[in-house]
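S.K.: Please read through the structure below; I'll follow up with questions.
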Amino acid sequence: MSNRRNIFGKEAFRQGQLEVIARGLRRKDVIAVLPTGAGKSLTYQLTSLLQPGLTIVVDPLKSLMRDQDKSLKAYGIDRSVFINSSLNTRQIAEAMNQVA
């Protein structure tokens, strides 16, 4: 049996993921409302990696923002930043400079 996993360690898409990714790759706006644990993160991470430009993800959970940024950096994807109220003024300015 061959190892079919990719950088994200997944073997297959979960229900709803492929539709979200396909819409994003067609450069359409996407709002993905999937249950907790359904793999929303993979949909925007993979879509972002497969096309040029800037991806903005809006998330109401500050801890998830930090976790996603840390996770991407662990995968070797270092062009990720998050901005929320846990950052001080200097950190926000640095993040905005990275986005620019």
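S.K.: Mind sorting out which of (1) -0.78, -0.87, -1.27, -1.36; (2) -0.67, -0.76, -1.15, -1.25; (3) -0.69, -0.76, -1.06, -1.13 is the real log10 I(q)/I(0) by the Debye sum over Cα atoms at q = 0.16, 0.17, 0.21, 0.22 Å⁻¹ computed from the coordinates?
M.R.: Working out log10 I(q)/I(0) by the Debye sum over Cα atoms at q = 0.16, 0.17, 0.21, 0.22 Å⁻¹ from the coordinates points to (1).
S.K.: Roughly how many Å² of Val99 are accessible to a 1.4 Å probe, to the nearest 10?
M.R.: 70 Å²
S.K.: What list of ³J(HN,Hα) couplings, whole Hz, do you get for the range 82-93 from phi and the Karplus terms 6.51, -1.76, 1.60, once you set θ to phi - 60° and write x for glycine and proline?
M.R.: 10, 9, 7, 6, 7, 8, 7, 4, 5, 5, 5, 4
S.K.: Each residue of the range 64-78 in order: what ³J(HN,Hα) in whole Hz does its phi give by Karplus 6.51 cos²θ - 1.76 cosθ + 1.60, θ = phi - 60°, with x for Gly and Pro?
M.R.: 5, 4, 5, 4, 5, 4, 5, 5, 4, 5, 5, 7, x, 9, 9
S.K.: Separate question: Give Lys40/Lys70; Lys28/Lys70; Lys28/Lys73 a once-over and call out the pairs whose C-alpha atoms are over 20 Å from each other.
M.R.: Details: Lys40/Lys70 16 Å; Lys28/Lys70 27 Å; Lys28/Lys73 26 Å.
From Lys40/Lys70; Lys28/Lys70; Lys28/Lys73, over 20 Å: Lys28/Lys70; Lys28/Lys73.
S.K.: Just need the relative contact order of the chain here, percent rounded to a whole number, with Cα pairs under 8 Å and 6+ apart.
M.R.: Details: 56 pairs, mean separation 18.1, N = 100.
In percent, rounded to a whole number, it is 18.
S.K.: Determine the calculated [θ] at 222 nm for the chain from helices alone, applying -39500 (n - 2.57) to every DSSP H run no shorter than 4 residues and normalising by the residue count; nearest 500 deg cm²/dmol.
M.R.: Details: 4 runs with 43 residues, N = 100.
Result for the chain, helices only: -13000 deg cm²/dmol.
S.K.: Further question: Given the C-alpha centroids of the range 28-68 and the range 77-100, what is the distance between them in whole angstrom?
M.R.: Measuring centre to centre over Cα atoms gives 17 Å.
S.K.: Can I ask one more? Where in the chain lies the longest segment free of trypsin sites (Lys or Arg not before Pro) that are both loop residues by DSSP (not H, G, I, E, B) and have at most 13 other Cβ atoms within 10 Å? Don't skip to the end; give the middle numbers.
M.R.: Details: sites that count: Arg4, Arg5, Arg26, Arg27, Lys28, Arg79.
Longest site-free region, per DSSP loop and neighbour criteria: 29-78.
S.K.: Moving on. How large is ³J(HN,Hα), in whole Hz, for each residue of the range 41-57 in order, when computed from phi with the Karplus curve 6.51 cos²θ - 1.76 cosθ + 1.60 and θ = phi - 60°, using x for Gly and Pro?
M.R.: So the Karplus estimates, Gly and Pro as x, are 4, 4, 4, 7, 5, 5, 4, 5, 6, 8, 8, x, x, 9, 10, 10, 10 Hz.
The values are calculated or read from the model by the stated rules, or taken from the named source; none is laboratory data. Because the structure is predicted, anything quoted here is derived from the model rather than measured. Don't worry about glycine lacking a Cβ; one is built from the backbone with ideal geometry, like all the others, and counts go over all protein chains shown. All accessible areas refer to the heavy atoms of the entire protein, side chains included, with ligands and DNA or RNA removed. Shrake-Rupley method; radii C 1.70, N 1.55, O 1.52, S 1.80 Å.
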